[in-house]
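Asker: Have a look at the structure that comes next, please.
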Amino acid sequence: MNSDKNHDVLEKQLKTLGQKIRIDILKKLSLSSNPLPYSILQKEVLGTNPNSVNFSFHLKTLKNSDLMLTTDEGYVLSVLGRQILKNIVSIEKILNDKNKTIMIRTSKYSKEPFDSSKIENYLIKEGQVDRHLAKQIAKEVEERLSKTNIAYLTAPLMREYINGILLESGQEEIRHRLTRLGTPPYEVSRYFDNSRINPEQLLSKLGSEVSEQFLLLNLLPKNLADMYLSGELVLLNLNYWSLRPLGFYIDSNSIISYLSKRKLVDINNLDKPIELIKLSSYFFEVLDKIKPYVSEDILLGNFSDFLIKIISSNENSEALINFLNSKILSLSNRIYDQKPHLSLEISSSNLFEDSHSLKLNIPSISYFFGRLFNQIDQNDGFTCPLIVFDYSLLLDNKAGYDFLRETINSPHSNDIIFSSFNDLSLLNSTLIKVNKNSTKEEPKSKVVLDKILVNLHKIADNSKQNDSLFFEHVQEKLNSVFEIFAHKKDLINRRLSTSKEWNRIISDFIKPESRNWIDDSLKSVSFFGLNEAIKTHCGIEIDRIENSESFAYNLLMFMKEIINEINQEQNENYILTQPHNGNYLSKNWCSNMEEVSNGPNKYCIDMIRGNSKLSLEKRIQIYKNFEGIVDGGSVFTFNVKNKPIKELMAQLSYSKVNTFQLKIE
């Protein structure tokens, strides 16, 4: 009798479940942890066509078969319904496995059958999803795939399939965490077909793009990453931004002292060729150890001191100079860009005993420059290091003037920054000023953490000529800059704190006493689009009316005061610096504001626009007004046309411009 009764019950349940819509209703209820109201359940099952069937009839049938219960909040599966559904799903899986097996090509270059448990584990591990939700999503993926004719999927396509389901269900945050990093095949194909990109550069580009995407998608908060993507802020060397500081200042004499203390070189016997060779080799070995930890450049102070030691101690210095140049070019050039990654300080005090007496080694210095420039010109793609040249003793000496004229007339004059010996500081390739020791103590090295630039032109465009709004926007952007620097400190510390090699460099050359090196590092806050911002906001350029110049002055002073305030409150080392040359000047041009410039769509680095009609004297005067505010690093640039070089240099020297570059047109 019991057997017959069970048979009748089974027959009734099978008849109830004989229609697909009723199984779909049970499946939808099984995926919800809460009761589902009628309207939501109807929409989940029938989609956009809710009147296509008598939905209430099917619900009533399921309820009468004890497969579903009703509550005040809606419908839920009964215990019996859950048990029966579990077996139905098992039967479906058996039939699906028998009739069709979807193959997945994995990222490890193998093929394997589809397995929903792997989706579940993927969601838990990479998407940080709780197990219950991961099971639901995995079931949904499996169910949808079972209804398709797909027989083969790659792992990337499977991820896209999962991402689509996540977006449909409103799980945007999980989808964001699961975003894969990489370069689209179309871009890889373009790189592959570009004969100017060698294999090393190709691999570097692909790896760099993954690093950049990881920074913007995973390491920086979305609001800060969006500021970079919209061109409101500029971050330098994005591929290495989370991995390396921007720059490193080290004095040549510190390296020589380090080698001497460790008895690697006998500096008292440099007249012996073997000691000179050891000095040269070990000197650049130290720099080679620093190179992997810097994204922009190594600033090598008092390089001419080292150079003179090599020249004055060897009768045949030409071979050594050629060796030095090859090491310099190796340090300055990297396969992934065309920027200089080494800056060298050359002092005129190494050329002259005093303002009238010429040292015997000036021909060798000229030979050094000549060979360096020649080697660069003969090798396509080589970049000249930045040369920071002290000009203080060259103006009152005919030999010095001839040497200076020859240097300025060189095709590489744009690679030279002229500085005053009285200015006890150096500029690196991003125009960040590093102060040198003014005492006789052993020079202390310095880390430049980074440089972040604010797009003033965009701020002006958004401020609609409202002064209060303009300054409010500047304040907001500077707050974001400080926040990004805090993230940079955390990321670099996380990356380098356990590096034995980096800690040795810090111990040997920075020797922090009371402060951590990362707190003591220079953090450059900069800007670009100043001239365009002033014209957009004030209606006329800085150099054409006093009101524009005054607004620019007040703007930069406002930025400087905020920086000083943060330095005092947080015991920090932020500095305000001038923009430097780089592709960001054209990449971030405000395309909707082209009318502000008569030149190419590219910002210039100068405080005063390049096509200004002002006299040199007046340009210098305006620059000097700004130089005292932008005291973290600035340079005056002037295009040399028909003006005699000696007269030009004398005027610049008389005006006490600390650093300047001359450009030959």
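The values are calculated or read from the model by the stated rules, or taken from the named source; none is laboratory data. Every value quoted in this text rests on a predicted model; they were computed, and no experiment measured them. Glycine also receives a Cβ, built like all others from the backbone with ideal geometry; neighbour counts cover every protein chain displayed.
Asker: So which residues in the range 521-546 are more than 22 Å from Leu469 (Cα to Cα) and not in a loop (DSSP other than H, G, I, E, B), if there are any at all?
Answerer: Leu522, Lys523, Ser524, listed by residue number.
Asker: So which of Ser260, Ser230, Ser317 is of a type in the set (Gly, Ala, Ser), more than 27 Å from the chain's Cα centre (by Cα) and at pLDDT below 90?
Answerer: Within the list Ser260, Ser230, Ser317, the selection yields Ser317.
Asker: Also, quick follow-up: Wholly within the range 191-309, which helices (runs of 4 or more DSSP H) include no fewer than the required count, namely at least 2 residues that are in the same structural domain as Asp337 (by the TED database), farther than 26 Å from Pro340 by Cβ and out of contact with any strand residue (DSSP E or B) (no Cβ under 8 Å at 6 or more places or on another chain)?
Answerer: So the answer is 252-261, 273-290.
Asker: While we're here: Out of all the residues in the range 203-254, which are touching a residue at least 60 places away in the same chain (Cβ under 8 Å) and aliphatic (A, V, I, L, M)?
Answerer: Correct list: Leu219, Leu220, Leu224, Met227, Leu233, Val234, Leu235, Leu236, Leu243, Leu246, Ile250.
Asker: Shifting gears a bit: Any residue in the range 514-532 that is hydrophobic (A, V, I, L, M, F, W, C), in the same structural domain as Asn455 (by the TED database) and touching a Cys at 6+ places or on another chain (Cβ under 8 Å)?
Answerer: Within the range 514-532, not a single residue is hydrophobic (A, V, I, L, M, F, W, C), in the same structural domain as Asn455 (by the TED database) and touching a Cys at 6+ places or on another chain (Cβ under 8 Å).
Asker: Can you tell me which residue in the range 502-521 is modelled with the highest pLDDT, limited to those that are polar (S, T, N, Q) and surrounded by 11 or more Cβ atoms within 10 Å (Cβ to Cβ)?
Answerer: Here the residue is Ser521.
Asker: Which count do you get for residues in the range 487-501 that are assigned to a helix (DSSP H, G or I), loosely packed, with under 13 Cβ neighbours inside 10 Å and either outside the structural domain of Lys523 (by the TED database) or without any contact (Cβ under 8 Å) to a residue 12 or more places away in the chain (or both)?
Answerer: 2
Asker: Test Arg504 against the criterion of being within 21 Å of Gln570 (Cα to Cα) and over 15 Å from the mean Cα position of the chain (by Cα), and give yes or no.
Answerer: No.
Asker: Sticking with this structure for a sec: Output yes when any residue across the range 435-453 is touching an Asp or Glu at 6+ places or on another chain (Cβ under 6 Å) and either modelled with pLDDT under 85 or not assigned by the TED database to the domain that holds Ser524 (or both), and no when none is.
Answerer: yes
Asker: Of the numbered conditions (1) surrounded by 12 or more Cβ atoms within 10 Å (Cβ to Cβ); (2) at pLDDT 75 or above; (3) of a type in the set (D, E, K, R), Glu187 satisfies every one except a single condition; which is it?
Answerer: For Glu187, the failing item is (2).
Asker: Please work out which one of (1) in a helix (DSSP H, G or I); (2) modelled with pLDDT of 85 or more is the condition Leu157 fails and give its number.
Answerer: (2)
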